[in-house]
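Only one structure is covered here, and it is reproduced in the block below.
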């Protein structure tokens, strides 16, 4: 295991594959001093338009997980965070003052349903696009 990882020197990491032109995926099993266990480190290296290299580091404590799967989990995680951000900011997810579980459950479901309905309506307008990115802020600008 490597004692320290230099994010700017990827020669010690194992190349996995090119995700797209200019974006490469690297991995290495390293020891985490904070967690006191081995981790699977995944580095996404992207060459910017100005020639600089931008690296993003992801990790998992499951060292048997393939690097592509770790990347997929992180991408899904960020999509989930966008859903909760939009629900809190635009559909009142955090504005309920009820204390009973059934009422809280109803409020959370109503907030997330409003978000899903807006996403469904906007996605029907973009049916030809392969990768549709939804934000409630962009939906509100249409009104």
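The values are calculated or read from the model by the stated rules, or taken from the named source; none is laboratory data. As the structure is a prediction and not an experimental result, all values here were calculated from the model. Here the Cβ is made from the backbone with ideal geometry for all residues, glycine too, and neighbour counts use every protein chain on show.
Listed values, structure above:
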item: Residue in region 27-58 that is nearest to the chain's Cα centre (by Cα), counting only those that are crowded, with 17+ Cβ neighbours inside 10 Å and over 16 Å from residue 11 (Cα atoms); result: 58
item: Strands (runs of 3 or more DSSP E) fully within region 1-82 counting 3 or more residues that are in the same structural domain as residue 134 (by TED's automatic domain parsing), within 30 Å of residue 93 (Cβ to Cβ) and modelled with pLDDT of 90 or more; result: none
item: Long-range neighbours under 9 Å by Cβ, at least six apart or interchain, first residue modelled with pLDDT of 70 or more within region 115-130, second surrounded by fewer than 10 Cβ atoms within 10 Å (Cβ to Cβ); result: 122/142; 123/129; 125/142
item: Residue that is farthest from residue 141 (Cα to Cα), among those in region 86-110 that are in contact with a helix residue (DSSP H, G or I) (Cβ under 9 Å, 6 or more places away or on another chain) and outside any loop (DSSP other than H, G, I, E, B); result: 108
